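S.K.: Below is one structure. I have some questions about it.
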Amino acid sequence: FAGTSATTFSPEKGMTRGMFVTVLSNLAQIDKTQYTGSSQFVDVSKDAYYAPCVNWAVKNGIVSGIDAKHFAPEKLITREQAAFMLSNYLSYAKITLPTDNSKPLFADNASISNYAVDAVRLMQEAGLMVGTGNNYFRPRATSTRAQIATLMYSFYTKVA
């Protein structure tokens with residue numbers, strides 16, 4: 001997990017989709033030289049720092065684009081997208097987390113996109129993602145860099 005510069009972390013700044021995929025690829029310790037070249041997405045330049053990470057994540061079923069031609073790497077990641085991508089990473093890495101299914105559904109569970117419902121529930125049951133107050137998940141809210149750092153720390157401590 002790197003800063004936004006050599007001396008700045010920018011904890012309250014929103015995490016982009018490109019940043020998040022980079023975090024996941026670093027967690028997987030991929031050899032980025034194996035994933036260079038053109039992307040299937042027109043908005044992922046082969047020279048972008050996240051390009052090999054996106055290529056790896058697509059190849060391994062961790063992410064998909066916002067449509068067939070666009071990944072939207074500079075778009076801020078939502079809480080449900082982060083849950084979905086991390087859940088897919090767990091499948092890729094063959095990691096099973098201990099869960100507690102006695103937790104009540106989030107108060108706004110019905111507003112979670114269909115594709116992310118199971119992933120959000122898994123993150124909640126594993127204790128990796130919690131509500132934002134009054135048991136609301138706020139699935140389409142932007143995830144900050146601090147929130148993602150906390151998520152990854154929680155994930156790492158449960159796995160390690």
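The values are calculated or read from the model by the stated rules, or taken from the named source; none is laboratory data. Quick caveat: nothing in here was measured; it's all calculated off a predicted structure. Reconstructed Cβ throughout: ideal geometry from the backbone, glycine too, with neighbour counts over all protein chains shown. These area figures cover heavy atoms from the full protein model, side chains too; ligands, DNA and RNA do not enter into them. Shrake-Rupley method; radii C 1.70, N 1.55, O 1.52, S 1.80 Å.
S.K.: Any residue in the stretch 141-156 that is on the phi < 0 side of the Ramachandran plot, among the β-branched types (Val, Ile, Thr), open to solvent by less than 30 Å² (accessible area, probe 1.4 Å) and not in a helix (DSSP H, G or I)?
M.R.: Yes - at least one qualifying residue is present in the stretch 141-156.
S.K.: What's the total number of residues in the stretch 35-64 that are of a type in the set (Phe, Trp, Tyr) and open to solvent by 10 Å² or more (accessible area, probe 1.4 Å)?
M.R.: 3
S.K.: While we're on this one: Could you give me the residue pairs with C-beta distances under 6 Å whose first residue belongs to the stretch 69-97 and is β-branched (Val, Ile, Thr), whose second residue is part of a loop (DSSP other than H, G, I, E, B) and buried (at least 18 other Cβ atoms within 10 Å of the Cβ) wherever it lies, and which are 6+ apart or on separate chains?
M.R.: Pairs that qualify, where the first residue is β-branched (Val, Ile, Thr) and the partner is part of a loop (DSSP other than H, G, I, E, B) and buried (at least 18 other Cβ atoms within 10 Å of the Cβ), are 77/15; 77/143.
S.K.: Another question, then. Only one of 108, 100, 67 is surrounded by fewer than 18 Cβ atoms within 10 Å (Cβ to Cβ) and touching a helix residue (DSSP H, G or I) at 6+ places or on another chain (Cβ under 6 Å); which?
M.R.: 100
S.K.: Still on this structure: Can you tell me how many residues within the stretch 129-146 are among the hydrophobic types (A, V, I, L, M, F, W, C) and in contact (Cβ under 8 Å) with a residue 60 or more places away in the chain?
M.R.: Qualifying residue count, the stretch 129-146: 2.
S.K.: Check whether at least one residue in the stretch 6-24 is aromatic (Phe, Trp, Tyr), more than 17 Å from residue 122 (Cα to Cα) and surrounded by 12 or more Cβ atoms within 10 Å (Cβ to Cβ), and report yes or no.
M.R.: Yes, some residue in the stretch 6-24 is aromatic (Phe, Trp, Tyr), more than 17 Å from residue 122 (Cα to Cα) and surrounded by 12 or more Cβ atoms within 10 Å (Cβ to Cβ).
S.K.: If you check residue 45 against the conditions, is it farther than 20 Å from residue 113 by Cβ, in contact (Cβ under 8 Å) with a residue 12 or more places away in the chain and out of contact with any Asp or Glu (no Cβ under 7 Å at 6 or more places or on another chain)?
M.R.: no
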